[in-house]
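The values are calculated or read from the model by the stated rules, or taken from the named source; none is laboratory data. These numbers come from a predicted model, not from an experiment. Counting neighbours? That spans all protein chains shown, and the Cβs are built from the backbone with ideal geometry, glycine included. Just so you know, the surface numbers come from the protein's heavy atoms only, side chains and all, with ligands and any DNA or RNA stripped out. Shrake-Rupley method; radii C 1.70, N 1.55, O 1.52, S 1.80 Å.
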Amino acid sequence: MNKLKRLGIDTYMILLFVMVLAGAFLPARGMAADALSHASFWAVTLLFLLYGAKLDPSAVKAGFLNWRLQGLTFAATYLLFPALGLLLAAIFGPVLGPEMTTGLLFLSILPSTVQSSIAFTSIAGGNVPGAICAASVSNMVGVVLTPLLAALVLHQDGGGISLDAVARIGTQIVLPFVLGQLLRRWIGGFVQRHKLLTTVVDRGAILLIVYSAFGAGTVAGLWTQIPAASLLLLLAVVWLFLALTFLVMAKGGRRLGLPEEDRTVLLFCGSTKSLASGLPIATALFPAATLGAIVLPTMLFHLSQLLLCSILAQRKARALAEAEA
């Protein structure tokens, strides 16, 4: 296990793989599947309520003072990523098929990670307050902006996002998030003090959604329809996507003359995508039968980015320690 941790693979990543395998080989059916669907709905609702209660609007406001860093990070998340996603979808879409191509586009419009990007910035000696602001703004805006971008760049059955999907986004994601913000003065302290509880809800909801999504795909016969060659191609495309974004962020921050601490923020906040936000939004937008294939690019990207970010953060930390020594 220690060797796996040094590679950036922790217990949570292993559990994600276990949920994928459980959904593929032991999917819920019938009444169990209905119960799982209801449990997933309320888990997502609670998740976004806690997100709203945790994010501090005053910290976000203070972080806006570093407008250059925030603007670059926001542009990377919601302009560069969608542009690259459209390009890769146009090139590889005919081979990947409609569901995985939709998943690639959906990945491109997600907000950045919160916990992991801030943690990696801290490990690497970067601008932690800047990272908190960048990640918080990305997710606050992403609750509304991601579904809007989905309506622009995704075309489900030629008709865009359905009214039912919009209503589901409102009741399952936006409303709990806003409610969490309104209740923050009363429950925010409790949420901050009980980080273990919020971590269990956060990661537990994601594990539940992963199992539900991949299980629904199995019941629908989805995995028998995806050739192994297509899965390998998808993994290669996801890695190419990841490499391009990290390269642009690393080179761009240096070319623009950002301080080293801000370049670290741009690297870890501008190059990552949130599985925690992506899966709940996907459950509200897409039918259960195709959800597994659509979220597969996000799953692969998330696991790959955690591994790469862990390696880069530890390398930066060692270089910083050597420089100080």
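The table that follows gives values for the structure above.
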| quantity | calculated |
| --- | --- |
| Against the rule of thumb 2.2 N^0.38 Å, how large the Cα Rg of segment 201-325 comes out | 1.29 |
| Separation in nanometres of the label points that stand 7 Å from Cα toward Cβ, at His194 and Val141 | 3.3 nm |
| Whole-angstrom gap from segment 280-325 to segment 68-144, using each part's C-alpha centre | 10 Å |
| Accessible surface of the chain, 1.4 Å probe, proportion on carbon and sulfur as whole % | 70 percent |
| Ratio of the Cα radius of gyration of the chain to 2.2 N^0.38 Å, where N counts its residues | 0.96 |
| Förster radius 35 Å - calculated FRET efficiency between Trp67 and Leu182, Cβ distance, rounded to 0.05 | 0.80 |
| Area accessible to solvent at Lys195, 1.4 Å probe radius, in Å² | 130 Å² |
| Accessible heavy-atom area order of Phe17, Phe92, Phe25, Phe268, highest first, probe of 1.4 Å | Phe25, Phe17, Phe92, Phe268 |
| Calculated FRET efficiency for the pair Ser37/Arg318, C-beta based, R₀ 41 Å, to 0.05 | 0.35 |
| Spatially near lysine pairs across the chain, Cα under 24 Å, sequence gap of 8 or more or different chains | 12 |
| Computed label-point distance, nm, for sites Glu260 and Leu79 using a 7 Å Cα→Cβ extension | 2.9 nm |
| Options Ala323, Ala32, Thr290, ranked by Cα towards positive dipole end of the chain, top entry (Cβ charges) | Ala323 |
| Relative packing of 137-149, 202-214, 254-266, which averages over residues the other C-beta atoms within 10 Å, highest first | 202-214, 137-149, 254-266 |
| Vicinal HN-Hα couplings computed from phi for segment 39-47 (Karplus, 6.51 cos²θ - 1.76 cosθ + 1.60; Hz; Gly/Pro x) | 4, 5, 4, 6, 5, 5, 4, 5, 4 |
| Heavy-atom surface of the chain, accessible at 1.4 Å and reported per residue (Å²) | 47 Å² |
| Relative contact order (percent, whole number), the chain, Cα cutoff 8 Å, 6+ residue spacing | 35 percent |
| Mean Cα-pair separation over length for segment 44-153, i.e. relative contact order, pairs under 8 Å, 6 or more apart, % | 34 percent |
| Accessible area in the full protein assembly, largest first, 1.4 Å probe, for His38, His302 | His38, His302 |
| Magnitude of the charge dipole, the chain, Cβ model with Lys/Arg +1 and Asp/Glu -1, debye to 20 | 700 debye |
| ³J(HN,Hα), Karplus 6.51/-1.76/1.60, whole Hz, each residue of segment 192-208, x for Gly, Pro | 5, 6, 9, 5, 5, 4, 5, 5, 4, 5, 4, 6, x, 5, 5, 4, 5 |
